[in-house]
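Taking it in order: structure first as structure tokens, then the write-up.
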Amino acid sequence: MQFEGNNTYLNRKTGEIISVSQDDLRAAENDDPFEHLPEWHQEAMKVAIDVIENYEDYKRLPTKYDINEYDMMADFCFTINDERNKKLLFNAI
């Protein structure tokens with residue numbers, strides 16, 4: 001599940017799915033110190049730094065704004081061979 005302000009990534013090497021806050025990514029890009037943060041946040045910062053330093057190992061997963069449901073349904077309709085059913089499906093969407 002994605003939350004506003006977070007990016008979700010697939011680690012291509014490990015198969016792990018991680019979620020990183022945009023604030024942590026910005027802090028990692030800026031090399032902001034994080035030793036003063038609570039331990040749980042330090043761990044989150046280490047993950048953010050790994051995403052920044054090894055970006056090629058990660059694939060950003062789409063957000064709800066990146067997915068166009070209508071286009072997905074239209075693409076499916078185009079796969080239907082029966083013209084009558086295809087037309088019915090297109091009219092339904």
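Rule-based calculations on the coordinates, nothing more; no lab input. Not measured: the values here are computed from a predicted model. We place every Cβ from the backbone using ideal geometry, glycine too, and count neighbours over all the protein chains shown.
Across q = 0.26 Å⁻¹, the stretch 6-60 modelled as identical point scatterers on its alpha-carbon atoms has Debye log10 I(q)/I(0) values of -1.03, in the order of the q list. Can you give me the angle between helix 39-53 and the longest principal axis of the chain, using Cα atoms only, in degrees from 0 to 90, rounded to the nearest 10? The answer is roughly 60 degrees. Counting only lysines at least 8 places from K59 when in the same chain, those with an alpha carbon closer than 19 Å to its own are K13, K46. Taking other residues whose beta carbon is less than 13 angstrom from the beta carbon of F78, and scoring Lys, Arg as +1 and Asp, Glu as -1, yields -2. Summing Lys and Arg as +1 and Asp and Glu as -1 over all other residues whose Cβ lies under 15 Å from the Cβ of D57 gives a net charge of +1. Taking other C-beta atoms within 10 angstrom as a stand-in for reagent exposure, L37, L88 fall in the order L88, L37, fewest first.
Size descriptors for the chain: radius of gyration and Dmax over Cα atoms are 20.1, 66 Å. In the neighborhood of I93, defined by Cβ-to-Cβ distances under 15 Å, what is the net charge if each Lys or Arg adds +1 and each Asp or Glu adds -1? Local charge sum for I93: -1. Principal-axis analysis of the Cα atoms of the chain puts helix 83-92 at an angle of about 50° to the longest axis. In the chain, the longest principal axis of the Cα atoms and the axis of helix 69-78 are about 40 degrees apart. Fully extending the segment from D71 to E83 would add 2.4 nm, taking 0.36 nm per residue of separation and subtracting the current Cα-Cα distance. A straight chain from D31 to E56 at 0.36 nm per residue would run longer than the Cα-Cα distance by 7.1 nm.
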